[in-house]
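The next block holds one structure in the form of structure tokens; read it before the comments.
The values are calculated or read from the model by the stated rules, or taken from the named source; none is laboratory data. All of these numbers come straight from a predicted model, not from anything done at the bench. Here Cβ is always computed from backbone atoms with ideal geometry, including for glycine, and neighbour counts include all displayed protein chains. Just the protein is used for accessible areas: all its heavy atoms, side chains included, with ligands, DNA and RNA removed. Shrake-Rupley method; radii C 1.70, N 1.55, O 1.52, S 1.80 Å.
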Amino acid sequence: MSQQNPFESALVLLRQAAEKMQLEDSVLKILLVPERVIELSLPLKKDSGELEIIRGYRVQYNNWLGPYKGGLRFHPQVDMNEVKALAFWMTIKNAVCNVPFGGGKGGLEIDPKTLSKEELERLTREFAKELAPNVGPEVDVPAPDVNTNGQIMDWFRDEYSKVVGKDSPAVVTGKPVGKGGSLGREEATGMGGFFVLEQLVEKLSLEKPLTVAVQGFGNVGLHIARLLSENGYKVVALSDSKGGVSDLENGFDVREAESNKKEKGSLGESYPDKKITNEELLELPVDILVPAALEGVINKDNAGKIQAKIILEMANGPITAEGDEILNQKEIKVVPDVLANSGGVTVSYFEWYQNMHKEEWSEEDVNKKLKEKMVSSFAEVWGIHEEKNVNFRTAAYILAIQRLLDSRLHVEPVQGDALREESEENFEEPVFNLPAGSN
Ligand code: NAD
């Protein structure tokens, strides 16, 4: 995997979009740093009685559009740079998909598979207790990410509610249905990516069946692979952390692969004669590549070997800035994470909204609203891509930065009115002059 620092990599993209927009330096300076970082040392009492100290992080990157919002990741590779990058991407993503949230992210440096259920609960509750003064339904709203789930969110909500003295379901999203969770949340990220891909396939007039390789078979990878295989795409490769499998000729029945994996423990064990490595999966001759596991998997070392025509970034940051440059030169169409995987946070917003307004929407309603949001975000990104002749990622960043700037105009009416006029008249080549530190 590339050694490039994920946060530095993320900021390269911000700088590129800022240059295209001729963004005022003072605004760029604000967007280049997180507003607040929290680093914790959490004591975990193991079942054996032994005490272990676990590092915990929460980065609150930017709240111009609303409460900080972003997942909690439990993984041994979690560190401050990774969390900063993820929190920055959430800021951009929430602006792209037009939900009233800022960007945040957090995590624990731990492999939860090494913990018993009781240890995991104790650790999560400790994390929630320590973060309680800095999170809340209108302050910062965590959600699940890699290796976290509805159960973990429910423990978090319960502990937070104890600290503040009242039940506060809207402090987290991604809760189990029946405990304040929204119908449709579990499938939302995969489904959102599917809606975006369908829009792109239509715009490019591509003929199905199109072949797809999906890296990662967790919440995101599984749901998008299922939807693709049921809607005219041929899923020819799948993978999990133990490795991948491929069958370019026949493809896979994804539901069958799912039950085989459950039974045998991994995809490789389920199809021993079709094994490939995760690295090989990325380089297969397919129409569409869907990285849906971890960041940095496509980088300067392997980008030149990618054969896919379209990459749908379902993981956060699966392509480094250096990798991205190579893919651009090869004219591979990359649908950026901040658009492709924004279905998750969109339905998280629906969940938060339902909790705040004590409503319960049907799954049909949730999916319909999700589709509308994804189709409209895609159309806006496509519009900027065509109008400014930039790739999808730059187009998405321009859209996000524009929305962030507009939000500043709302909170500062005197300067804002003048700036709004300027921004509307001169959107082609705007120059923004906002005061530094205006949050
Ligand atoms: P998950 O924990 O449910 O699944 C992760 C999958 O990746 C698993 O199948 C795991 O086996 C696999 N994996 C782990 N290490 C790997 C490696 N080195 N190589 C290949 N595969 C590996 O996580 P998830 O929720 O599906 O998240 C996947 C990605 O999508 C992450 O980047 C996450 O930030 C992003 N994402 C998730 C959501 C969401 O709603 N869950 C929303 C937006 C973005």
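Overview of results
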read-out: Exceeding the 32 Å Cα-Cα cut-off - candidates 305/388; 117/368; 179/234; 29/113; 208/358; 242/368; value: 117/368; 179/234; 29/113; 208/358; 242/368
read-out: Share of alpha-carbon pairs per 5 Å distance bin for segment 6-165, given as whole %; value: 2, 9, 18, 21, 19, 13, 8, 5, 3, 1, 0, 0
read-out: Inter-label distance for residue 279 and residue 264, nm, one decimal - labels placed 7 Å from Cα along Cα-to-Cβ; value: 2.3
read-out: Computed Kirkwood radius, in angstrom, where 1/r is averaged over Cα pairs of segment 207-318; value: 13.6
read-out: Summed residue charge, Cβ within 15 Å of residue 366's Cβ, Lys/Arg positive, Asp/Glu negative; value: -3
read-out: Trypsin sites (Lys or Arg not before Pro) within segment 297-405: DSSP coil, no more than 10 neighbouring Cβ in 10 Å; value: 358
read-out: Phi-based couplings in Hz for segment 370-385 (Karplus 6.51, -1.76, 1.60; Gly and Pro marked x); value: 4, 4, 4, 5, 5, 5, 6, 5, 4, 4, 5, 5, 4, x, 5, 4
read-out: Carbon plus sulfur fraction of accessible area for segment 187-340, probe 1.4 Å, in percent; value: 45
read-out: Rough spin-label spacing in nm, given labels placed 7 Å along Cα→Cβ, for residue 328 and residue 375; value: 3.2
read-out: Pair-distance profile P(r), taking every C-alpha pair of segment 216-257, with 5 angstrom steps and integer %; value: 6, 26, 35, 26, 7, 1
read-out: Under 5 Å, built H, 5+ apart or other chain: amide partners of residue 110; value: 75, 78
read-out: Sparsely packed trypsin sites (Lys or Arg not before Pro) within segment 124-209, loop by DSSP, other Cβ within 10 Å at most 14; value: 166, 179
read-out: Nearby aspartates and glutamates by direct alpha-carbon distance to residue 275 (threshold 15 angstrom, same-chain neighbours under 8 apart not counted); value: 240, 247, 249, 283
read-out: Computed accessible area, residue 154, all protein chains, 1.4 angstrom probe, square angstrom; value: 20
read-out: Cα-Cα P(r), the chain, percent of pairs per 10 Å interval; value: 4, 22, 32, 27, 12, 2, 0
read-out: Modelled FRET efficiency - R0 41 Å, residue 164 with residue 48, Cβ distances, 0.05 increments; value: 0.80
read-out: Residue 12 paired with residue 255, simple spin-label distance in nm, labels 7 Å along Cα-to-beta-carbon; value: 4.3
read-out: Integer Hz, Karplus 6.51/-1.76/1.60 couplings in order for segment 268-276, x for Gly and Pro; value: x, 5, 6, 10, x, 8, 10, 5, 9
read-out: Low-density loop cleavage sites - GluC sites (Glu not before Pro) in segment 316-403, where at most 16 other Cβ are within 10 Å (DSSP); value: 331, 359, 360
read-out: Around residue 8: net Lys/Arg minus Asp/Glu count, Cβ-Cβ under 15 Å; value: -3
read-out: Heavy-atom accessible area per residue - segment 186-322, 1.4 Å, Å²; value: 40
